[in-house]
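A short write-up of the structure that comes next.
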Amino acid sequence: MTADQAVLLDYAVREGLVSLAEAAALLPEASRRTRQRTLRALVDAGLLRDVGAGRATRYVPASDR
């Protein structure tokens with residue numbers, strides 16, 4: 001797990017969800033596309049699940065975690 005992934009996962013667990021906008025505040029040095037890929041990697045690993053679509057997408061901790 002990368003440092004960026006750890007930051008986003010920790011935030012999602014603590015707050016209950018993370019959005020792309022919140023990810024921008026947490027990882028200001030990363031590009032939008034990099035933040036999207038980081039969130040997608042967490043979803044693909046089964047650590048987060050995406051809820052909603054498009055701009056309304058939110059990422060919540062996977063229920064089996």
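Tabulated values for the structure
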quantity: Summed residue charge, Cβ within 12 Å of residue 58's Cβ, Lys/Arg positive, Asp/Glu negative; calculated: -1
quantity: Three semi-axes of the equivalent ellipsoid, the range 3-60, Cα gyration tensor, whole Å, largest first; calculated: 14, 13, 11
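Taken together, the values in this text are just the output of simple stated rules run on the coordinates, not laboratory data. Source: prediction; values computed, not measured. Cβ coordinates were reconstructed from backbone atoms using ideal geometry, including for glycine residues, and neighbour counts include every protein chain displayed.
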